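Single-structure report; data block below.
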Amino acid sequence: MKNQNILVCGAGSIGKRHIKNLKFLGEQVIVWRSRSNLIKKLEKDLKVKVFLNLDEALKYSKAVVIATSTDNHMNIALKALKLGKPIFIEKPISNNKKNINNLIKLGKKNIIEVGHQLRMHPSIVILKKKLKKLSPKSIMGYRFVMGQDLRQWRKNSNYRKNYSSQSSRGGGAMYDLVHQIDIAVWLFGPVEHVFANLARRSKLKIRADDFTNLILIHKNGVTGQIQLDMVSPAYRGENEIVTKDNVFYFNLVNGKLIRKKKFFSKIISKPPKKFIRNDLFISQMKHFLKRLKNNNIDAACSLFDGILSLNVLLAAEKSHIKKKLIKVEKKF
């Protein structure tokens, strides 16, 4: 077996998505899974070679996609980078800052892409272009929300046994739905202070936050609210930005970006008719594959960006515990 394969680490729902997408894009794929159960079924259903030994799997890879539980991201990333393998690491990059300096050092010599696929949505791309033309002083603030009942996330699986239900493994509403924090950082720049409440409001009996509220104060003065949950009976994903002259409203369900002013409302962007959520994953993976051929292409979401979001997550945890506004760490 030659080292012309993309190695996907993890074969849960997101891992399977990446496996199928990479094969659709014409790549040779191999898989590493830490548990021996279901290996034969995975090989049969996905038509891929599955390894139990990570070191062996890395030998046959040209690049690595890390789609395991969040608490395992760092160990795999460091092993891959030490061997000179480019990596695509799912969000968030970790649930702590341990070994982050080693990751940065190794990352300077190789390609790293962080899986924040929401950046690839055509309407959000247009929203960013609109906001880039404005000064921070003309942006009054924002309100972002995202949520869905955890029991609806992964059908035919016990959600209580999944890492998403355990904060110690990088689960919970805030970590799992960090997309909205990343978009806030992408649109408005680094966050300077955060106030957070990581609540457990449901009867899901999970060991993690299921209804989280954040207030983010960005370095440029823009302030916003983010609400993330694992309890909503209907999927919701909304981004609302108030500027001096307009209100921009994006709905992730229908993909429309609307500009509102007084009694006037206009759709300024909407995705193609056949657009589906998986297109976001395909788009960023295509971008990563292009970077493998040309390392001068910038990341859609860089390691630097991933660390900015991680810093917000860690500051939010401190804020919840201390019940006060916390300054976000600036170190990388």
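Let me spell it out: the conditions are (1) open to solvent by 50 Å² or more (accessible area, probe 1.4 Å); (2) in a loop (DSSP other than H, G, I, E, B); (3) touching a residue at least 24 places away in the same chain (Cβ under 8 Å), and Leu292 meets all of them except one. Which number is the exception?
Going through (1) open to solvent by 50 Å² or more (accessible area, probe 1.4 Å); (2) in a loop (DSSP other than H, G, I, E, B); (3) touching a residue at least 24 places away in the same chain (Cβ under 8 Å) one by one, Leu292 breaks only (2).
If you go through segment 52-73, how many residues are more than 29 Å from Ser309 (Cα to Cα) and open to solvent by 10 Å² or more (accessible area, probe 1.4 Å)?
First, pick out the residues of segment 52-73 that are more than 29 Å from Ser309 (Cα to Cα): 52-53, 55-57, 59-60.
Keeping just the survivors that are open to solvent by 10 Å² or more (accessible area, probe 1.4 Å) gives 52-53, 55-56, 59-60.
Selection size over segment 52-73: 6.
Within segment 108-129, which residues are among the basic types (Lys, Arg) and surrounded by fewer than 18 Cβ atoms within 10 Å (Cβ to Cβ)? First the steps, then the outcome.
Narrowing segment 108-129 to residues among the basic types (Lys, Arg): 108-109, 119, 128-129.
Listed by number, the residues that qualify are Lys108, Lys109, Lys128, Lys129.
I need the full set of residues from segment 63-76 which are touching a strand residue (DSSP E or B) at 6+ places or on another chain (Cβ under 7 Å) and more than 17 Å from Met285 (Cα to Cα), in order please.
Hits for segment 63-76 are His73, Ile76.
I'd like the full set of residues that are open to solvent by less than 60 Å² (accessible area, probe 1.4 Å), in contact with a helix residue (DSSP H, G or I) (Cβ under 7 Å, 6 or more places away or on another chain) and part of a helix (DSSP H, G or I), limited to segment 130-159.
Leu131, Leu150, Tyr159
The values are calculated or read from the model by the stated rules, or taken from the named source; none is laboratory data. Fair warning: this is a prediction, and the values are worked out from it, not measured in the lab. Heads up, the Cβs are rebuilt from the backbone with ideal geometry, glycines too, and the neighbour counts pull from every protein chain shown. Remember, those area values only see protein heavy atoms, side chains included, never the ligands or the DNA or RNA. Shrake-Rupley method; radii C 1.70, N 1.55, O 1.52, S 1.80 Å.
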